[in-house]
């Protein structure tokens with residue numbers, strides 16, 4: 001779904017940058033007595049959770065399809081080995 005570089009960047013954003021930014025924004029908005037601080041922080045947190053979920057789904061799918069790809073390669077290699085062995089016996 002994502003290239004490794006894009007995945008790593010998005011993972012950094014979801015795990016490091018957005019939580020730090022959300023904390024920073026919350027502190028600033030509370031210190032200036034902004035009336036809708038709760039709403040802003042709820043939206044920012046929801047976006048971070050959404051991004052983390054999408055990345056986890058992408059990671060699970062990548063691992064699942066990589067595993068299937070490896071299994072197919074193993075089957076193909078076994079099939080080729082059997083064909084070569086069968087040909088030598090005749």
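Bear in mind that the values in this text are calculations on the coordinates, not laboratory data. Model, not experiment: these values are computed from the prediction.
Before moving on, here are some points about what is shown:
- Length gained when the stretch residue 29-residue 41 is fully extended (0.36 nm per residue, less Cα-Cα span): 3.4 nm
- Extension gain for residue 16-residue 53 works out to 11.8 nm (0.36 nm per residue, less the C-alpha to C-alpha distance).
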